[in-house]
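Asks: What follows is a structure written as structure tokens; I'll ask about it next.
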Amino acid sequence: MSSHAETDRRILVTGGAGFLGSHLCDRLLEGDGEVLCLDNYFTGRRRNIAHLLGNPRFETMRHDVTFPVYVEVDEIYNLACPASPIHYQHDPVQTTKTSVHGAINMLGLAKRCGARILQASTSEVYGDPAVHPQTEDYWGNVNPIGPRSCYDESKRCAETLFFDYHRQHRVEVKVARIFNTYGPRMHPDDGRVVSNFIVQALRGEDITIYGDGNHTRSFCYVSDLIEAIVRLMDTPADLTGPINIGNPAECTVAELAETILRLTDSRSSIVYRPLPADDPRQRRPDITRAREAIGWQPTVGLEDGLIETIRYFRAVLAA
Ligand code: NAD
Ligand code: UDP
Ligand code: UDP
């Protein structure tokens with residue numbers, strides 16, 4: 001079988017029970033391929049994939065990517081890694097192992113199977129960026145020894161491994177640098193800003209802005225993100241990336257809080273807490289490359305995406 005035949009593709013999704021991974025499994029099962037979801041359930045949840053368990057083309061495997069795995073696959077989406085600062089800082093050594101040993105194992109698997117492999121990299125490779133908006137040729141401004149470094153530096157090292165396996169072993173690689181993405185199936189205790197603010201607003205608890213609220217992020221809705229990485233996987237072999245995937249509409253954390261308060265009709269108050277160490281001041285993707293290479297740009301605006309996400313959390317909190 002060719003490594004990416006149109007039908008009967010065997011697709012491995014690591015981190016498949018997580019927020020992005022479970023949406024990716026949904027999307028891939030709309031095609032003809034078979035999907036193997038590999039996860040150690042550190043931050044992922046079975047309820048994210050429970051609706052897929054009856055599907056004969058879907059299979060799950062409890063496994064930690066820091067250990068080798070021998071399966072036969074044609075494509076690998078490597079998403080396994082905690083993404084929220086509170087989760088990746090819970091066991092920083094394990095975070096680095098997951099990104100680095102996980103990348104080595106998945107690249108070794110891709111090499112043996114002749115599979116193509118996509119890495120879920122991150123805007124964190126740019127650190128606290130001195131260039132704004134961020135283009136892919138910017139090398140970043142990352143603290144190698146701070147509390148965020150286990151995530152940022154191991155994701156950078158994973159990119160290095162992807163490009164070395166490509167150059168040295170001719171593995172077909174795709175590297176997506178994902179910017180802040182939100183949507184249904186984020187964990188209510190995930191700790192990231194969108195889920196925190198929505199859960200706080202719905203519960204009538206104080207909205208916790210870290211710092212003065214003037215720092216910025218650019219928030220991408222999950223369906224736009226999934227569309228982009230599926231398109232990227234299907235590009236010709238010479239298109240490796242890295243390629244920024246995100247929504248260039250930038251907003252301050254204070255504006256996000258105000259929008260969520262309005263959309264939830266909440267009476268929560270805003271309180272200010274200290275800004276965590278090394279928290280980037282600004283973040284906005286330059287998506288020129290994504291527009292040109294995969295004909296992609298986001299289609300879901302912040303308010304529409306937030307309305308869907310609020311609907312999801314209302315149901316979760318009511319359950
Ligand atoms: P998530 O925490 O919901 O998903 C991560 C998944 O990986 C979970 O299911 C978790 O159980 C699993 N996992 C963690 N360590 C593992 C290990 N050692 N072995 C096997 N499975 C393991 O987070 P997410 O937002 O869905 O992020 C998915 C990927 O996308 C991550 O690699 C993350 O770095 C990347 N990313 C996400 C964002 C975002 O804003 N959501 C931004 C940039 C990059
Ligand atoms: N590996 C794996 N599954 C495979 C092939 C390899 O998990 O099907 C892992 C194995 O742990 C190996 C790593 O990937 O150490 C890197 O593989 P590679 O072939 O590059 O290196 P080597 O086998 O020489 O260590
Ligand atoms: N943030 C905040 N209140 C919260 C959670 C996060 O003000 O309850 C801030 C955080 O300090 C950062 C921004 O929101 O400046 C985005 O944080 P998140 O953890 O979602 O993503 P990242 O910092 O990894 O981009």
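None of the figures in this text is laboratory data; all of them are computed from the coordinates on show. Here the structure is a predicted model, which means the values were calculated and not measured. Cβ atoms come from the backbone with ideal geometry, glycine included; neighbour counts cover every protein chain shown.
Asks: Which of the helices in the chain meet the span-like rule: DSSP H, Cα axial reach of 30 Å or more, Kyte-Doolittle mean at least -1.0? Let's see the in-between values first.
Replies: Working: long enough: 92-113 (31 Å, 0.03).
Taking the DSSP H segments of the chain (at least 30 Å long, mean hydropathy at least -1.0), we get 92-113.
Asks: Could you give the size of the charge dipole of segment 120-268 about its Cα centre, using +1 on the Cβ of each K and R and -1 on the Cβ of each D and E, expressed in debye and rounded to the nearest 20?
Replies: Numbers: 14 positive and 22 negative charges, 51 e Å.
Charge dipole, segment 120-268, about its Cα centre: 240 debye, nearest 20.
Asks: Same structure again: Compute the Kirkwood hydrodynamic radius of segment 218-272, taking the inverse of the mean of 1/r over all pairs of distinct Cα atoms, and give it in Å to one decimal.
Replies: Numbers: mean 1/r = 0.0713 Å⁻¹.
Evaluated over segment 218-272, this radius sits at 14.0 Å.
Asks: Go ahead and run the numbers for FRET between ASN141 and ALA315, Cβ-Cβ distance against an R0 of 41 Å, rounding to 0.05.
Replies: Values: r = 40 Å, r/R0 = 0.98.
About 0.55, to the nearest 0.05.
Asks: Looking at the square roots a ≥ b ≥ c of the eigenvalues of the Cα gyration tensor of segment 77-152, which shape do they give, rounded for a/c under 1.5, prolate if a/b is larger than b/c, or oblate? Could the numbers behind the result be given before it?
Replies: Numbers: a/c = 2.54, a/b = 1.35, b/c = 1.88.
Oblate shape, in that a/c is at least 1.5 and b/c is the bigger or equal ratio.
Asks: Let me check I've understood the local charge: for ASP286, count other residues with C-beta under 14 angstrom from its C-beta, Lys and Arg +1, Asp and Glu -1. What total comes out? Don't skip to the end; give the middle numbers.
Replies: Details: positive: ARG177, ARG283, ARG284, ARG289, ARG291; negative: GLU136, ASP137, GLU250, GLU292.
Result for the neighbourhood of ASP286: +1.
Asks: Work out the FRET efficiency for HIS90 and ASP8 from their Cβ-Cβ distance, taking R0 = 51 Å, and round it to the nearest 0.05. Walk me through the intermediate numbers first.
Replies: Values: r = 39 Å, r/R0 = 0.77.
It comes out at approximately 0.85.
Asks: Along its three principal axes, how long is the chain when you only count alpha carbons? Whole Å, largest extent first please.
Replies: 58, 45, 38
Asks: Given the -39500 (n - 2.57) contribution per DSSP H run of 4+ residues, what per-residue ellipticity at 222 nm results for the chain, rounded to the nearest 500 deg cm²/dmol? Walk me through the numbers on the way to the answer.
Replies: On the way: 9 runs with 117 residues, N = 319.
Result for the chain: -11500 deg cm²/dmol, rounded to the nearest 500.
Asks: Something else: Between ARG10 and residues 5 or more places away or on another chain, which pairs have amide H atoms under 5 Å apart, with H built 1.01 Å from N, and which residues are they?
Replies: For ARG10, whose amide H was placed from the backbone, the distant partners under 5 Å are GLU34, ASP74, GLU75.
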